[in-house]
Every structure is written in structure tokens, then in C-alpha cells.
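Peer 1: Sending over a structure as C-alpha cells; questions will come in a sec.
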Amino acid sequence: MTQETEQDAPAETEPQEQDRSLPARAVRRRRAPKQDPLLVADVATARTAVEEIAQPGHIGEGHRVEVEEDRLVIHLFECTLPGYRGWNWFASLARAPRSKTVTVCEVGLLPGEDALLAPEWVPWSDRVSAEEKAQEEQDREDADEQDTDQPGADEQEADQRDADQPGAEPLAAQDATAQDATAQEESRQEEPEQEEPAGGPEGERS
């Protein structure tokens, strides 16, 4: 019994020793992009591109550059357009490796940290209060009651159902046809019977 216990004990500790011996994975760190002096210095190209979408009077004096990637920078200009406090016009510039040609990639308008933004959209189901939900439900019930109490509502619904059926004649047309047939039958019953002449057919020949 003692030998078995001594042999089993090391077996329980083997997985822990294996876990400790596993090599730690190397964590890759993203290299910071290099600043491109040619793109950073080309403010004129960036401002000219922004002027294609904005009036010169709406472009302020504030300017800064953000490096996105190697050979890719963003020029930001202050926006003085009314209602856009804290926003910036931007133009992204890039160039190919070993090339001195600057290319405008994109222009537009971006919000800054203190930009005036619209409030976050909230669904109607979250905005509506309990009182408004109860009022809407009451209005719906009142509308259903008015439709039920309206005279002739059932007949109108029946006519509509009959009209929706293919080849079916509307109920109003059926009623009119039945009334015409009844009137014709009554008129025939009211006509007086013609009396035969005295003597019958023989009297006429004499």
C-alpha cells in the first residue's frame, strides 16, 4: 500500500510541471508609424483640397497634423461654419514608396473632442412614457368601438368580403336584382284578365 501511494503521488504533480514548462507566447506590439516630412510639410495641397468642399471663409487658422500610417497623414483645419463648433475640415495625404508625388486620398468634416453633436438616438419604445402608452391604447380601443357602433358597418364589411372574392357579385347588386324580379312578379299579378267574347269562338264565326 505504501509503495502504490508513493508511485501515484508524482503522477498527480506531472501536469502542473508540464504547464510551468510551457513557453510564454510573445506579444506582438504594433510599431508606431513613421512621420513623413514631405506629407507633413505639404499644408498647401491639403488646404486646396479642403477648399473644394468648403468656402474659404469657413476654414479657420487652426491647423494640426495626425500621422495615421507610414506615408499617410491627415491635415486638420478649424471649421468656422455656423453650428459646427469643435468640428474640423480634414484632408488625408499619401504617397507611394520612393515617390515624391503627394496624393489627396479623402476630404471631409470630422468632429473634435468638444464638438457639438446631436444627442444619441433613442428608440421610440424607450422614449415613450407609461402615460403615453396608456393613452395610445385607449385611443385604439375608442376607435374600435366607433367602428363597431357605426350603422351598416357589418354590411359594408360583408360587401367588401364579397367584392374581394374572384367572380363574386357584390351584395348590393344582388339585392337590386332580387327587388327587380319581385316588382316584375307583382306587376304581372295585378294585370286584369281579358274576358272572352260572348258565345265563345263559335259566336264570333256566326
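Peer 1: When only residues in the stretch 94-150 that are of a type in the set (A, V, I, L, M) and over 30 Å from Ala49 (Cβ atoms) count, which is surrounded by the most Cβ atoms within 10 Å (Cβ to Cβ)?
Peer 2: Val128
Peer 1: Could you identify the single residue in Ala32, Ala54, Ala46 that is modelled with pLDDT of 70 or more, over 11 Å from Leu93 (Cβ atoms) and either in contact with a Leu (Cβ under 8 Å, 6 or more places away or on another chain) or of a type in the set (Ser, Thr, Tyr) (or both)?
Peer 2: Selected residue: Ala54, the only one of Ala32, Ala54, Ala46 that is modelled with pLDDT of 70 or more, over 11 Å from Leu93 (Cβ atoms) and either in contact with a Leu (Cβ under 8 Å, 6 or more places away or on another chain) or of a type in the set (Ser, Thr, Tyr) (or both).
Peer 1: Could you please let me know if Asp180 is part of a helix (DSSP H, G or I) and modelled with pLDDT under 85?
Peer 2: So Asp180 fits the description; yes.
Peer 1: Still on this model: Is it fair to say Ala115 is hydrophobic (A, V, I, L, M, F, W, C), out of contact with any Leu (no Cβ under 8 Å at 6 or more places or on another chain), on the phi < 0 side of the Ramachandran plot and in contact (Cβ under 8 Å) with a residue 12 or more places away in the chain?
Peer 2: So Ala115 fits the description; yes.
Peer 1: Would a scan of the stretch 62-75 turn up a residue that is in contact with a Cys (Cβ under 8 Å, 6 or more places away or on another chain), surrounded by 13 or more Cβ atoms within 10 Å (Cβ to Cβ) and not hydroxyl-bearing (Ser, Thr, Tyr)?
Peer 2: yes
Peer 1: Mind listing whichever residues of the stretch 82-103 are touching a residue at least 24 places away in the same chain (Cβ under 8 Å), assigned to a loop (DSSP other than H, G, I, E, B) and either under 30 Å from the mean Cα position of the chain (by Cα) or at positive phi (or both)?
Peer 2: Gly83, Tyr84, Arg85, Gly86
Peer 1: Take the stretch 123-161 and flag every residue that is modelled with pLDDT of 85 or more and not in a helix (DSSP H, G or I).
Peer 2: Across the stretch 123-161, the qualifying residue is only Pro123.
Peer 1: Quick one: in the stretch 32-72, which of the residues that are in contact (Cβ under 8 Å) with a residue 60 or more places away in the chain and assigned to a helix (DSSP H, G or I) is farthest from Tyr84 (Cα to Cα)?
Peer 2: Leu38
The values are calculated or read from the model by the stated rules, or taken from the named source; none is laboratory data. Values in this document were obtained by computation on a predicted structure and should not be read as measured data. Backbone-built Cβ (ideal geometry, glycine too); neighbour counts: all protein chains shown.
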